[in-house]
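Trainee: Let me give you the structure first, and then I'll get to my questions.
The values are calculated or read from the model by the stated rules, or taken from the named source; none is laboratory data. Values in this document were obtained by computation on a predicted structure and should not be read as measured data. Methodologically, a virtual Cβ is constructed for each residue, glycine included, from the backbone with ideal geometry; neighbour enumeration extends over all protein chains shown. When the accessible area is computed, the model is the full protein with side chains, heavy atoms only, and any ligands, DNA or RNA have been set aside. Shrake-Rupley method; radii C 1.70, N 1.55, O 1.52, S 1.80 Å.
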Amino acid sequence: MKVLIVGSGGREHAIAFCAAKSPRVEKLYCAPGNAGIGQIAECVPIGAMEFDKITAFAKEKSIDLVIVGMDDPLVGGLVDALEAEGIRAFGPRKNAAILEGSKAFSKDLMKKYGIPTAAYENFDNAEDALAYLETASFPIVLKADGLALGKGVLICNTLEEARDGVRSIMTDKKFGSAGNRMVIEEFLTGREVSVLSFVDGKTIRIMTSAQDHKRAQDGDQGLNTGGMGTFSPSPFYTEEVDAFCKKYIYQPTVDAMAKEGRPFKGVIFFGLILTPEGPRVLEYNARFGDPEAQVVLPRMKNDLIDVCEACIDGTLDQVELEFEDNAAVCVVLASDGYPVAYEKGFPIRGLEKFEGAEGYYCFHAGTKKTEEGFVTNGGRVLGVTAKGKDLKEARSNAYKAAEWVDFDNKYLRHDIGKAIDEA
Ligand code: AMP
Ligand code: GLY
């Protein structure tokens, strides 16, 4: 089979790694990919939003399966564009990717179908949102409706902060058109868990749980980032939580989308918060998480291509997902200054130490290959992942491997997975 992956981050490197392991894949392409992906796939210089070029390339190369990793092309309808040309694609169509693409849509869906989530109101103008704040209690959460690189959520402790937040989202359009509408919702407390699943329109199969570390600095301080590290499984995702989510969240979400005439095929990422009153959905994503994929996929025993095809064909009920009975931790090596301003172009040393090191992975996010070798080329540079028999061993292995690599301006959090000590 010929497979094309769309995307360019650490997540797509993890997807490519899994796809390359499949005996069914004879040729792997990635658009646009990155330098690390280039070691296992042929990268083609086509942007993820260049739908016409992607479709033309897939036709020209007789691609058998396209796997779309990123949210923007999914929400924009890349799967629809490919299908219109008769090309098989893994990921939700545009009318289902709205589950991630519009927070107002997903909140209304949860309300309509009784799926547990924070209480909320949707607004399409700043005046109404500001008026609502007058009677609200704080802290309160403001969310731009559309995609905002994971940055469109503001937690406001005071009325004044919330007023500024509404103005920045809706009036100043800090997140662009993502802020044409917004959600204002109740602030919840509890541990957060990411749960990834495969869905074929009717059947849902849960992968395994994970936890992300979104803030830039140790102790969950500093700005929100795309994710500074992950661990899987989450020790807080107990059997009781799993049973609750299976009953009230997972299948109900899939059924709700089908009933709305928006059957979801692909990956649903449930962003959960375990409140004292029980699990609640914070958000849905319509794709693998980044860097959740980096700790979940290396633990999956199934052939990724088989599972993607079962989702497309509606035969997921015949698939049992199998995961290794171990753990994985991913520590992101970033450029100092991320997520604000940082320098690029520094040589990366030590990558060869991962060659042949079983259970250790160095997923590239922002790297570039030059004549002198790999250099840094982004805020998040690498996702160093290691497995272990349990979370503690995986964490110690991941931090050991994080020392194998070096570059100027290397920055990492030192407390990825610290929460497992409290489990
Ligand atoms: P989201 O993109 O909706 O997952 O929000 C990003 C982050 O904001 C989440 O991972 C949480 O840490 C936080 N957050 C979102 N919604 C809430 C909420 N209702 N209560 C507390 N924290 C929240
Ligand atoms: N790690 C969170 C996300 O992928 O949205």
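Trainee: Separation of segment 275-340 and segment 4-53 by C-alpha centroid, Å?
Mentor: Measuring centre to centre over Cα atoms gives 17 Å.
Trainee: Expressed as a whole number of Å, what is the distance separating the alpha-carbon centroids of segment 380-397 and segment 100-154?
Mentor: One Cα centre to the other: 35 Å.
Trainee: Order 279-290, 75-86 from most to least packed using the mean count of other Cβ atoms within 10 Å.
Mentor: The peptides rank, most packed first, as 279-290, 75-86.
Trainee: To continue, here is another question. Checking the cross-link filter: which lysines have an alpha carbon closer than 23 Å to that of Lys107, excluding same-chain neighbours under 8 positions apart?
Mentor: Within the straight-line cut-off, Lys107 pairs with Lys94, Lys143, Lys151, Lys173, Lys174, Lys202, Lys214, Lys246, Lys247, Lys259, Lys265.
Trainee: In a shell of Cβ-Cβ distance under 13 Å around Glu127, excluding Glu127 itself, what net charge do Lys and Arg (+1) and Asp and Glu (-1) give?
Mentor: Net charge in that neighbourhood comes out at -1.
Trainee: Lysine pairs in segment 268-398 with alpha-carbon atoms under 24 Å apart, 8 or more places apart or on different chains: how many are there?
Mentor: Number of lysine pairs found: 11.
Trainee: Pairs of Cα atoms under 8 Å, at least six residues apart: use those to get the relative contact order of segment 266-423, whole percent.
Mentor: Dividing the mean separation by the residue count of segment 266-423 yields 23 percent.
Trainee: Across 10 Å bins from 0, what is the distribution of all Cα-Cα pair distances for segment 280-361, in whole percents?
Mentor: 12, 30, 34, 19, 6
Trainee: Per residue, how many Å² of accessible area does the chain show with a 1.4 Å probe?
Mentor: Accessible area per residue: 41 Å².
Trainee: For the chain, evaluate the Debye formula with one uniform point scatterer on each Cα (no solvent term) and list log10 I(q)/I(0) at q = 0.12 Å⁻¹, rounded to two decimals.
Mentor: Each listed q maps to, in turn, -0.99.
Trainee: Please report Rg (one decimal) and Dmax (integer) in Å for the Cα set of segment 233-327.
Mentor: 14.2, 39
Trainee: Filter the DSSP H helices in the chain by two things, a Kyte-Doolittle mean of at least 1.6 and an axial alpha-carbon span of 18 angstrom or more, and list the hits by number.
Mentor: none
Trainee: Give, as a single signed number, the net charge of other residues whose beta carbon lies under 13 Å from the beta carbon of Glu403, with Lys and Arg counted +1 and Asp and Glu -1.
Mentor: Net charge around Glu403: +3.
Trainee: Moving on to the next point. Check cross-link reach from Lys59 to the aspartates and glutamates: straight Cα distance under 14 Å, and skip same-chain residues fewer than eight apart.
Mentor: Glu83, Glu85
Trainee: Can I ask one more? May I ask for the net charge around Thr208, where only other residues with Cβ less than 12 Å from the Cβ of Thr208 are counted and Lys, Arg are +1 while Asp, Glu are -1?
Mentor: Value of the local net charge: -2.
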